[in-house]
1. What do you reckon, is B:I310 assigned to a strand (DSSP E or B) and either facing chain A (nearest Cβ under 10 Å) or touching a helix residue (DSSP H, G or I) at 6+ places or on another chain (Cβ under 8 Å) (or both)?
2. Determine, yes or no, whether D:T131 is part of a loop (DSSP other than H, G, I, E, B), open to solvent by less than 20 Å² (accessible area, probe 1.4 Å) and more than 7 Å from every other protein chain (Cβ to nearest Cβ).
3. Somewhere in the range B:33-40, is a residue open to solvent by less than 20 Å² (accessible area, probe 1.4 Å) and among the polar types (S, T, N, Q)?
4. Could you tell me whether the range A:71-78 includes any residue that is touching a residue at least 12 places away in the same chain (Cβ under 8 Å), open to solvent by 10 Å² or more (accessible area, probe 1.4 Å), hydrophobic (A, V, I, L, M, F, W, C) and at negative phi?
5. Does B:I303 fit the bill of being touching a residue at least 60 places away in the same chain (Cβ under 8 Å), outside any loop (DSSP other than H, G, I, E, B), facing another protein chain (nearest Cβ under 7 Å) and open to solvent by less than 10 Å² (accessible area, probe 1.4 Å)?
6. Tell me whether the range C:326-340 contains one or more residues that are part of a loop (DSSP other than H, G, I, E, B) and at the interface with chain D (Cβ under 7 Å from one of its Cβ atoms).
7. Taking the range A:237-283, which residues are farther than 27 Å from B:R259 by Cα and of a type in the set (D, E)?
Number of protein chains: 4
Amino acid sequence: MSDNSFGKLFRVTTWGESHGPAIGCVVDGCPPRLELSEADIQPWLDRRKPGQSRFTTQRKEADQVRILSGVFEGKTTGTPISLMIENTDQRSKDYGEIAQQYRPGHADIAYDLKYGIRDYRGGGRSSARETAMRVAAGAVARVMLKTLLGADVKIRAALTSVGGQMIDPVRWDWDEVERNPLWCPDPQSVEPWEALIDSVRKDGSSIGATVEVVAEGLPAGLGAPVYGKLDGDIASALMGINGVKGVEIGDGFAVAALRGEQNADPIKPGPQFESNHAGGILGGIATGQPIVARFAIKPTSSILIPVPSINSVGDAVDVRTKGRHDPCIGIRAVPVAEAMIACVLADHLLRHYAQCGW
Amino acid sequence: MSDNSFGKLFRVTTWGESHGPAIGCVVDGCPPRLELSEADIQPWLDRRKPGQSRFTTQRKEADQVRILSGVFEGKTTGTPISLMIENTDQRSKDYGEIAQQYRPGHADIAYDLKYGIRDYRGGGRSSARETAMRVAAGAVARVMLKTLLGADVKIRAALTSVGGQMIDPVRWDWDEVERNPLWCPDPQSVEPWEALIDSVRKDGSSIGATVEVVAEGLPAGLGAPVYGKLDGDIASALMGINGVKGVEIGDGFAVAALRGEQNADPIKPGPQFESNHAGGILGGIATGQPIVARFAIKPTSSILIPVPSINSVGDAVDVRTKGRHDPCIGIRAVPVAEAMIACVLADHLLRHYAQCGW
Amino acid sequence: MSDNSFGKLFRVTTWGESHGPAIGCVVDGCPPRLELSEADIQPWLDRRKPGQSRFTTQRKEADQVRILSGVFEGKTTGTPISLMIENTDQRSKDYGEIAQQYRPGHADIAYDLKYGIRDYRGGGRSSARETAMRVAAGAVARVMLKTLLGADVKIRAALTSVGGQMIDPVRWDWDEVERNPLWCPDPQSVEPWEALIDSVRKDGSSIGATVEVVAEGLPAGLGAPVYGKLDGDIASALMGINGVKGVEIGDGFAVAALRGEQNADPIKPGPQFESNHAGGILGGIATGQPIVARFAIKPTSSILIPVPSINSVGDAVDVRTKGRHDPCIGIRAVPVAEAMIACVLADHLLRHYAQCGW
Amino acid sequence: MSDNSFGKLFRVTTWGESHGPAIGCVVDGCPPRLELSEADIQPWLDRRKPGQSRFTTQRKEADQVRILSGVFEGKTTGTPISLMIENTDQRSKDYGEIAQQYRPGHADIAYDLKYGIRDYRGGGRSSARETAMRVAAGAVARVMLKTLLGADVKIRAALTSVGGQMIDPVRWDWDEVERNPLWCPDPQSVEPWEALIDSVRKDGSSIGATVEVVAEGLPAGLGAPVYGKLDGDIASALMGINGVKGVEIGDGFAVAALRGEQNADPIKPGPQFESNHAGGILGGIATGQPIVARFAIKPTSSILIPVPSINSVGDAVDVRTKGRHDPCIGIRAVPVAEAMIACVLADHLLRHYAQCGW
């Protein structure tokens, strides 16, 4: 079943709960002889780490990763790579009430309906804390992609809207993304977004967002018909990020309003494409164009504004979720999305080698 | 790798090309002792069958399904169910030019880039003809779900927009869906859509659309954290339908503009939910509410309007795609989407039994 | 679950019952651009075909294979290869009594205990008829191995004992294997075995046997620790052949009586090995030596000599199994074993390319 | 590929090298609400622990297991269970020479041929140290089986021969197995075996052995045709234990010398079986009889007696393997085999629930 694994050949299994002693992952299938150390992983974890600005949760986690296996004298050996991060700042008292009541929009009630038990501390397994391990695995995937494909591989994401306020794509600047705490690519959107997020946080509320991921420098041919499609796997990977409710490839929902000639990406000798409505994927297979995906992420469900709910014995209660929460979980989803796409591409690269590498 | 299989426990493997002798699928993992015959499958195939109205391709296929294994004296035996449909109306001559040139928006070039070979006849494996087998498998999934869960299980889809013209959800009528050739749930949208589709077809063009799928009567608990999520599998299943470029669960992209209190689904004793922004899924697990998904499908890439492209030796050509094509592939995606969701739910039901059924 | 599939990257799914309309398989993951036609598969099926000598069942099956997908203009396309054989000589009347009683040693009772239903005609899914599709898939694997690795790849099997009468390995002659109907490699064993089998057949009985498979010309490195071991997969593949009760790699059970220095295979520069007690596999990974496996197969359970059993309502009965049966199923297991090993090796070759091919 | 995972629904992934900081495993798919703590696992690890008698390696490992996730307030939650053991007694200096030369019979050369790199410290990933995690996972499987099926489930193994000296099965006594350091079920074999092992150890040699595993109290119906066979999975699990070269089910290789009526297990009303030549499995499916498997394990390859080999630059050397080694690895394979069978049965129980539990 492998409910806690993803990828077929570059296979990542994560484990751990928000307030358990540690979280971790096992990366199986990674090629041997790649140079890999904690220093290749830690910077990506630091990008995602909580408590770095007033726009994310104030939980302080060192998020210090350790490589426990699979690397010898600085190189991968082809055996499973075990990565672990100890949890250090679990203030479980913040979550006392969660034990007794279901937070609307959270997985609390769903876990109880399914399993008849749940680790309520900080959301347990359903907490976004688990995404730290996706980022760690994504860092390994990046090392693999760079080593096998060269330095031109770029997998980057940015926040493209907050609360319905879109960036202007004309002003897109990847350098700007690294300069502001919101991973915003449009210099003129940073201030209004900061003001909006400050405002919803003061209200004890939260706000939705959209994120765009772009992968460049990948070879054509990744992906496969008809259920091993690259876009199918990207959709699954992004929809699996906590709070995501919609995923698009290329022009996404906009194509529903188009006529055939408007949506066509003319091909020129090369082959080159004159446009990229398709987001780099045709029939589930990469064409060599940039792979473009986008997703919508809901406002954090943990808010101070009371919402009607029930407690664990079924009586009506009003739930206000205290504790330290991200007012806009879309922000920290940016490095997670990059990591998930890196893993999907690493997986499809190995799958491509397997069938078509002869 | 299993690029041509989907589902983990209710596992469907399809095979076949558009213009090969036949197409087929193998359904493995189906529970024993279900009453099943061709009569349970054929009606669903007939709904998808080409050539039923002027709004779909005029290719005439009987799409007569045969059960070749796994059923004995009218009941499933627990062994793999092999289903096959012979292809009867392959006018390969229509496709002579495809052999030499890449149709923009089609998988032609992607297959060649990946495999160095392609069966160009009618699009080969990338043709939507393959989706007939998804519908067949979906019919088996429906029998399983009804037998195990009862008659209240309903998995239905409808077209919700054509070329940007949305239905009015207030007028949604599931009976209407069965009465018009466009699977439109809004009686007042049928005529304008027919006019629009007639118009694009006369122009030799095509048009995009959106589809909504609703699954009701399923138990809470289907799905699993964190990579076995029900919404992740739905996203993958729908994104894998030919031409789909975007997928939403519940409110989908609309959540990106909401604040936490707007997006919350308050819970009442029962448990019941006062709204369904979440589309019936929290933390990847079904809550028992209707499961709601939506997707966008691009305009058919096969159009008579010339689009610049290249031929197989790399020279520039203008491609006009003759042959018999759906002007709006969104229409025939409706029964396919229902079938895919039926298969995903059948799979997750067995997965739920496995882990939580004791 | 995929109970009817084997292999991970070279993935074979079989379907069909002994007396259904047809049997078939789907080979997914096969590399593109291999030259493949029915003529590459049919000879291997003919080797396994029933009714070729008085030592195998007299059921007459043409076993004519058809390629239904995945091959275009004589070459594989990378899409799933569907193979089908129609059943033509099902004398179901022979099996009338099986419906009501459980044949000892057969899977009849096990199927009913598991599924609560069984297709009793000719053993249904548990019949060795299914192994025809393994042979067909094995033929595709052979084409793949030869194309990718060259003509030196040899995967051959032979019967090494019947009823406890062992060959003398000193007289092993691969050419002899093709000259006698028992796949016996020792010219001096053929006559005594024929006499023995004739004798048990006249008694209405049957007899056990052992088979050895040798694979040569494969590169070192196939296989993987610690659960993807080549010997683990070989063991599973051979144990899964109908009637097999024991599997050995290299010296097999004989190693249990040895001391370390007796069992060691000294290594010489090259690397070369001075002996092959290990059967070509160390730590689950191929060393480049010949891969040697052996298995024991029980006497056919279908015998005319009455054995106490029960009928389907639980009453005691004596069962005599009429119909047309192999007196020594070990004989026809020879081509099946070769095919299984070919499939396992094809799978591991692709797995090796995936992880170590960069 | 999942080369480091086994099981489909009760899925175990192990990681770690002999001389890395730790070894561990992740058990995914375990049902929720089982009572589980370290105290359920530790006793099984203690049985396998090195250094407990003069007949096993003198490496001292506390083998203290920690549960890092998946258990809350003493119960499983349905999320992945992460188990970890820190390595404490790695005397890497013992292994200095391994870095430069290939120990015959070990995986050293195979790893280098495959990966082009190996962690030579103590055998790295190929060390039997990894089997500690199989025992830990097996303990979880035992808890699951007892909770779901009741206390009658028994999975036990014993050493049945050393160096060709067989026990007398007539004297089989399960209580005796727990009383002697060799897991020998025959009181009269203990002393001669001890003398034999002492003798080979003094000679700087090692000795082979056979082990039998018996599982009782399991329901009929576990397993599946035709590639999901219970015996196929048992064969793979046992062959995957370090040093195993042969596997048998029921009468195993002895069936090759039998006639049909000798091998038949007559059935009596109940159903009951008058004998168990089949080892409890027919057609890949459990009949409810005891499941009986047997395997042969080679003499430890690490011996003080010199064996010709090559070093890492390809020159001839004589290898004498110092360090602390088991003179008979068959001994410590006993608890490992029990654990593997427990895992296989746990997996097949969930698989059975999935398909046939409705």
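The values are calculated or read from the model by the stated rules, or taken from the named source; none is laboratory data. Quick caveat, the model's predicted, so the values are computed rather than measured. Every residue, glycine among them, receives a Cβ derived from its backbone with ideal geometry; neighbour counts consider all protein chains shown. Accessible surface is based on the protein model in full, side chains and every heavy atom, while ligands, DNA and RNA are left aside. Shrake-Rupley method; radii C 1.70, N 1.55, O 1.52, S 1.80 Å.
1. Here the answer is yes, as B:I310 does meet what is asked.
2. No, not satisfied.
3. No, every residue in the range B:33-40 fails to be open to solvent by less than 20 Å² (accessible area, probe 1.4 Å) and among the polar types (S, T, N, Q).
4. Checking the range A:71-78: at least one residue is touching a residue at least 12 places away in the same chain (Cβ under 8 Å), open to solvent by 10 Å² or more (accessible area, probe 1.4 Å), hydrophobic (A, V, I, L, M, F, W, C) and at negative phi.
5. Considered against the rule, which asks whether it is touching a residue at least 60 places away in the same chain (Cβ under 8 Å), outside any loop (DSSP other than H, G, I, E, B), facing another protein chain (nearest Cβ under 7 Å) and open to solvent by less than 10 Å² (accessible area, probe 1.4 Å), B:I303 comes out as no.
6. No, the conditions are met nowhere in the range C:326-340.
7. A:E261, A:D265, A:E274
This table checks each residue for (1) open to solvent by less than 40 Å² (accessible area, probe 1.4 Å); (2) in a helix (DSSP H, G or I).
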residue: B:V170; (1), (2): no, yes
residue: B:E178; (1), (2): no, yes
residue: B:P185; (1), (2): yes, no
residue: B:D198; (1), (2): yes, yes
residue: B:R201; (1), (2): no, yes
